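The values are calculated or read from the model by the stated rules, or taken from the named source; none is laboratory data. Here the structure is a predicted model, which means the values were calculated and not measured. Don't worry about glycine lacking a Cβ; one is built from the backbone with ideal geometry, like all the others, and counts go over all protein chains shown.
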Amino acid sequence: MKILIIRRDNIGDLICTTPLFEAIRRHYPQAYLAALVNSYNAPAIAGNPHLDAIFAYTKGKHAEGEPVWQAYWRRAKLLWQLRRMRFDYVLLATGGFAPRSLKLARMLAPRHVVGFVNGTARSARIDLPIEQGPAVARHESEEMFRLLGPLGIGGEIPGLSVLADSAVAGRLRAALPPAVAAGQGPLVALHISARKEKQRWPVERFAELAQRLHARHAARFLVFWSPGDENNPFHPGDDGKAGRLLAALSGLPAAPVRTEHLSELIAGLSLCDVAVLSDGGAMHVAAGLGKPLVCFFGNSPAERWHPWGVPHELLQKPSRDVGEIGVDEAADAFERLLARR
């Protein structure tokens, strides 16, 4: 049996699909199992032990340093290669009817296509349809797991799976200052960036929280953020915020981890014992690495996107604005998390 899973969107979405890989491998240990993703999110599943292959293509908007037509030409060649492999099943792992993924699947001419449909969006090309559930009735991993019904797979849903590149992790570990590398307290990841404005916890509160955690637990810190100038209209980053936080932590065992590539974010988070961060791709990376989390939720549905399969403390205000979460609340959540560990 040959099975291909298509997931072409964000990093966190792809990570929430990794339980399917493990479940399929357990049920069909001799099957050929592959994933078709894009070059942006592919590092999130690099090295996954349940996959036989990862095929990645570059979206036109991600084509940097080359003409867009070259990216499209490579994608056409990849799709032709996949078509010749004659897949038995193609799973459209998107939370709803996915016409673009379906278009890719049609080009591959598999025996069966499994995908979500609803009352107004469906296609005869999806010959094994799954009725889309309510938007927040299930976690994303639970919703994706329903795609395995036509393959006869059910039962308990595995956890998320993310693997760090050992060489990159080793390089980052070797670069840590002695006060951070040799300390006895928990090594805490502070990830300060978030794509949505209402998901951003103020830098000053990260600094105050770190002071408290160091005083009480001798905590050490690695600071993560989205690199770049905040005034860059194409790729805004949080270099300025990171600089202010690191200046405020100058008397503590803290070190920056600048992550220009997703593999560096994964490797850096793998070094930590606990993570404090907002909902987003980094949160799902940490969950996939098995890290306990204190997570801040703003205007995203926690029922759908909470950390899957790891101990966590989730803070969300009725206003759905992370800025209203206080340092006391975050410190108490950290204490509860340590008690659970």
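Points to keep in mind about this one:
A quick yes/no check of all residues on (1) modelled with pLDDT of 95 or more; (2) surrounded by fewer than 20 Cβ atoms within 10 Å (Cβ to Cβ); (3) within 17 Å of S141 (Cβ to Cβ):
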position: P19; (1), (2), (3): yes, no, yes
position: Y32; (1), (2), (3): yes, yes, no
position: P43; (1), (2), (3): no, no, no
position: A53; (1), (2), (3): yes, yes, no
position: P67; (1), (2), (3): no, yes, no
position: Q70; (1), (2), (3): no, yes, no
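- Considering only residues in the stretch 281-291 that are of a type in the set (G, A, S) and surrounded by fewer than 24 Cβ atoms within 10 Å (Cβ to Cβ), the one that is nearest to the chain's Cα centre (by Cα) turns out to be G281.
- Under the condition of being surrounded by fewer than 21 Cβ atoms within 10 Å (Cβ to Cβ) and either touching a Lys or Arg at 6+ places or on another chain (Cβ under 8 Å) or closer than 22 Å to L262 by Cα (or both), the residues counted in the stretch 1-17 number 4.
- Residues that are touching an Asp or Glu at 6+ places or on another chain (Cβ under 8 Å) number at least 1 in the following strands (runs of 3 or more DSSP E) confined to the stretch 1-59: 2-6, 32-38.
- The residues listed here are R125, R106; of these, the one that is assigned to a loop (DSSP other than H, G, I, E, B), among the basic types (K, R) and surrounded by fewer than 19 Cβ atoms within 10 Å (Cβ to Cβ) is R125.
- For the stretch 313-330, a residue qualifies if it is under 16 Å from A215 (Cα atoms) and surrounded by 16 or more Cβ atoms within 10 Å (Cβ to Cβ), and the qualifying residues are V327, A330.
- Test: residue in the stretch 77-88 that is under 26 Å from the mean Cα position of the chain (by Cα) and either surrounded by fewer than 13 Cβ atoms within 10 Å (Cβ to Cβ) or not in a helix (DSSP H, G or I) (or both): no
- Check on S263, of a type in the set (S, T, N, Q), over 19 Å from Q316 (Cα atoms), in contact (Cβ under 8 Å) with a residue 12 or more places away in the chain and not assigned by TED's automatic domain parsing to the domain that holds I45: yes
- Comparison of A175, A194, A169, A215 shows that the only residue that is modelled with pLDDT of 95 or more, among the small types (G, A, S) and surrounded by 13 or more Cβ atoms within 10 Å (Cβ to Cβ) is A169.
- Tally of residues being touching an Asp or Glu at 6+ places or on another chain (Cβ under 9 Å) and surrounded by fewer than 23 Cβ atoms within 10 Å (Cβ to Cβ) across the stretch 259-269: 2
- Residues being closer than 15 Å to F296 by Cα, basic (K, R) and touching a strand residue (DSSP E or B) at 6+ places or on another chain (Cβ under 8 Å) - total across the stretch 191-237: 1
- Scanning the stretch 230-271 for residues that are within 21 Å of I325 (Cβ to Cβ) and of a type in the set (A, V, I, L, M, F, W, C) turns up A242, L245, A248, L249.
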